[in-house]
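Here's the structure we're looking at; comments come further down.
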Amino acid sequence: MSPGRGRLVAGNWKMHGSLASNRDLLARLCVSLNANQGAEFAVCPPFPYLAQVSAALTGSGITWGAQTLCENDHGAFTGEVSGAMLRDFGCRYVIVGHSERRQLYSESDALVGAKFLAAQRSGLLPILCVGETLGQREQGETEAVVARQLDAVVALAGVSALESAVLAYEPVWAIGTGKTASPAQAQAVHAFLRGKVARMDSGIADALVLLYGGSVKPANAVELFSQPDIDGGLIGGASLVADDFIAICKAAMRNS
């Protein structure tokens, strides 16, 4: 990892949680993690729990964000949530382009780019997700797929927008399946992405925080985070188990 890059471990709770279970989890995180441990930690709960998370984490040094947002800033878009609304709850981050949004809700590369822009207009740091399916990997299309997904955002926002963003590689075949890209496989894609950005702007590439997401667990976190181009993780199911998430965060701290 370059000395100029930071470490980030972000927990994506997906559609899980309750007021009671959240309370216990957040209390454990506040005791075990803080902002002075060589890495940044964040959680991204479902929208209804943002107020609870904000109240519990304010002053703790742990940040928080949301799992998606509307590409429009305001208007007659029933059921949607704008970036400004997320900012009202103190969000620092918002995930855009998660594979589940792309697959289950047919979010196109163009829509992901629009959401990326909406996040930055609202002062949020987008965590831009890119990744390939198992079929695409088996066909040797991994680099073409992640390049296309990244290019769609750069075409709209410009490479300079990556200065205020995080990039996450999440192979779709490793999301919630128990399968994990080997450290070498993950590093290869991270290196490809950083190299692609470097060809546009080497300074931005050197500082860009690249996360790996895909069945990260305490048992594999240390080896994953020791790779030169993996700067942390976007953690799914393990972020809902206090002991597991804390262990993963400590793995990032050891490699900071």
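The values are calculated or read from the model by the stated rules, or taken from the named source; none is laboratory data. These figures come from a predicted structure and were not determined experimentally. So basically every Cβ, Gly included, is an ideal-geometry build from the backbone, and we count neighbours across all protein chains shown.
Residues checked against (1) assigned to a loop (DSSP other than H, G, I, E, B); (2) closer than 16 Å to Ala251 by Cβ:
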{"position": "Gln185", "(1), (2)": "no, no"}
{"position": "Ala188", "(1), (2)": "no, no"}
{"position": "Arg194", "(1), (2)": "no, no"}
{"position": "Ala198", "(1), (2)": "no, no"}
{"position": "Asp206", "(1), (2)": "no, no"}
{"position": "Ala219", "(1), (2)": "no, yes"}
{"position": "Pro228", "(1), (2)": "yes, yes"}
{"position": "Leu234", "(1), (2)": "no, yes"}
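Taking every residue in the stretch 219-244 that is surrounded by fewer than 16 Cβ atoms within 10 Å (Cβ to Cβ) and pairing it with any residue that is aliphatic (A, V, I, L, M), at least 6 positions away or on another chain, the pairs with Cβ-Cβ distances below 7 Å are Pro228/Met1. Within the stretch 78-107, being touching a residue at least 24 places away in the same chain (Cβ under 8 Å) and either hydrophobic (A, V, I, L, M, F, W, C) or surrounded by fewer than 18 Cβ atoms within 10 Å (Cβ to Cβ) (or both) holds for Val81, Ala84, Leu86, Arg87, Phe89, Gly90, Cys91, Arg92, Val94, Ile95, Val96, Gln103. Pairs linking a residue in the stretch 65-76 that is within 23 Å of Ser99 (Cβ to Cβ) to a residue that is aromatic (Phe, Trp, Tyr), with Cβ atoms under 8 Å and 6 or more positions apart or on different chains, are Gly65/Tyr93; Ala66/Phe47; Ala66/Tyr93; Gln67/Trp13; Gln67/Phe47; Cys70/Phe77. The set of residues in the stretch 237-248 being of a type outside the set (D, E, K, R) and at pLDDT 95 or above consists of Ala238, Ser239, Leu240, Val241, Ala242, Phe245, Ile246, Ala247, Ile248. Looking only at residues of the stretch 152-183 that are part of a helix (DSSP H, G or I) and in contact with a strand residue (DSSP E or B) (Cβ under 7 Å, 6 or more places away or on another chain), we find that the one that is farthest from Phe116 (Cα to Cα) is Ser164. Considering each residue of the stretch 192-213 in turn, none proves to be closer than 27 Å to Ala20 by Cβ, surrounded by 16 or more Cβ atoms within 10 Å (Cβ to Cβ) and among the charged types (D, E, K, R).
The listed residues are Tyr49, Tyr93, and the only one of them that is closer than 22 Å to Asp151 by Cα and of a type in the set (Phe, Trp, Tyr) turns out to be Tyr93. Cβ separations smaller than 9 Å between residues 6+ apart or across chains give the following pairs from the stretch 147-174 residues that are of a type in the set (Lys, Arg) to residues that are assigned to a helix (DSSP H, G or I) and surrounded by fewer than 20 Cβ atoms within 10 Å (Cβ to Cβ): Arg148/Asp109. When restricted to residues that are at pLDDT 95 or above, assigned to a loop (DSSP other than H, G, I, E, B) and closer than 21 Å to Lys250 by Cβ, the stretch 1-27 contains 1.
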